[in-house]
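The values are calculated or read from the model by the stated rules, or taken from the named source; none is laboratory data. These numbers were taken from a predicted model, which means no experiment stands behind them. Surface areas here come from the heavy atoms of the whole protein model, side chains and all, with no ligands, DNA or RNA. Shrake-Rupley method; radii C 1.70, N 1.55, O 1.52, S 1.80 Å.
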Amino acid sequence: MSKEAFDEMSVLSAIYCEQGEFELLEESTERGIVCRIHTLIERKNGKTPLGLDFHISPDYPRTPPDISITSSHLSRKQCHDLRQQLLDTARSLPPEPMIHGLMLWLQENFSDLIKTSSCHSAEVRAGTTEETWTALLHLDHMRSKAKYIKLIEKWASELCLTGRLFTGKPILILLQGTKENIKEYVHLQKTVKVDVDSSGKRCKEKMMSVLCEIPHPEKRMMSTFEVKDILSLDELKREFDLVGLNEIYDQFVPSLI
């Protein structure tokens with residue numbers, strides 16, 4: 001990790017110095033740094049709490065950080081839109097420490113960003129009676145990887161599902177959303193031609209298995225659907241830990257290895 005990255009962590013911990021405001025979740029020369037910032041965004045009608053996870057790669061700041069956003073006051077779509085805007089802004093900045101600058105930019109532009117989101121505050125999870133479910137799917141392989149990933153992302157977006165696609169070994173799909181929408185996703189995955197066979201012809205997914213479909217307690221939920229290229233089992237386990245699903249990892253993943 002660069003000295004700039006370590007210096008920035010020190011600066012951030014001094015700026016966000018109240019209890020629980022700043023957390024250093026991971027520090028590794030191989031995978032980089034993961035830090036979490038909890039903040040309150042001032043608005044005319046009150047304050048909006050946000051939790052932001054910054055995944056900083058070893059070659060940061062040449063490569064912008066990956067970002068995850070959660071909030072009990074916003075819908076998943078709003079969190080997704082905020083994340084995309086923040087990522088686009090990060091990519092437009094020069095290669096220098098940028099996390100505090102991104103936080104200031106978010107504070108200044110938050111109200112306008114929320115207005116442009118297609119979701120409204122009435123859609124927040126707290127106001128819905130539909131129970132959230134979590135599913136874990138296992139794929140045997142991806143031959144046409146880029147197209148397959150785009151299709152998975154498209155279905156997750158259309159069905160308002162959040163989660164993770166882990167494209168290492170094993171290939172896993174974590175989904176969160178309503179039970180009905182998860183069922184519809186599984187149906188699409190099994191019935192639509194999603195990949196190509198050994199001869200290059202389009203084919204249906206015949207080797208997918210549903211490892212679990214369970215109701216998920218309203219704790220820390222995933223707010224976006226993200227694709228993660230996992231290089232090791234330790235990294236995969238860390239990703240499950242970050243989203244509070246370590247029990248699902250322990251119960252279902254080791255048997256796949």
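What the table shows:
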{"item": "Whole-percent carbon and sulfur share, accessible surface of the chain, 1.4 Å", "result": "51 percent"}
{"item": "Nonlocal amide H pairs with LYS228, under 5 Å, H built at 1.01 Å", "result": "LEU165, PHE166, THR167"}
{"item": "Pairwise centroid distance, computed over Cα atoms, of region 126-203 with region 219-248, Å", "result": "16 Å"}
{"item": "For region 9-19, 3J(HN,Hα) per residue [Karplus equation, 6.51 cos²θ - 1.76 cosθ + 1.60, θ = phi - 60°, Hz, x = Gly/Pro]", "result": "4, 5, 5, 5, 5, 7, 6, 9, 9, 6, 4"}
{"item": "Intensity falloff of the chain expressed as log10 I(q)/I(0), Debye formula with alpha-carbon point scatterers, at q = 0.09, 0.15, 0.16 Å⁻¹", "result": "-0.43, -1.18, -1.32"}
{"item": "D_trans [Stokes-Einstein, Kirkwood Rh over alpha-carbon pairs] for region 52-105, 4 °C, 1.567 mPa s, µm² s⁻¹", "result": "112 µm²/s"}
{"item": "Most mobile of GLY163, GLY200, GLY244 in a GNM of the chain (Cα contacts under 10 Å)", "result": "GLY200"}
{"item": "Links that overshoot a 24 Å alpha carbon limit, given the list LYS145/LYS201; LYS3/LYS47; LYS206/LYS237", "result": "LYS3/LYS47; LYS206/LYS237"}
{"item": "19 Å tail of the calculated P(r), region 1-102, as % of Cα pairs", "result": "43 percent"}
{"item": "Relative intensity, log₁₀ I(q)/I(0), of region 201-246 from a Debye sum that treats every alpha carbon as a point, q = 0.15, 0.23 Å⁻¹", "result": "-0.61, -1.08"}
{"item": "Accessible area of the chain divided out per residue, in Å², using a probe of 1.4 angstrom", "result": "52 Å²"}
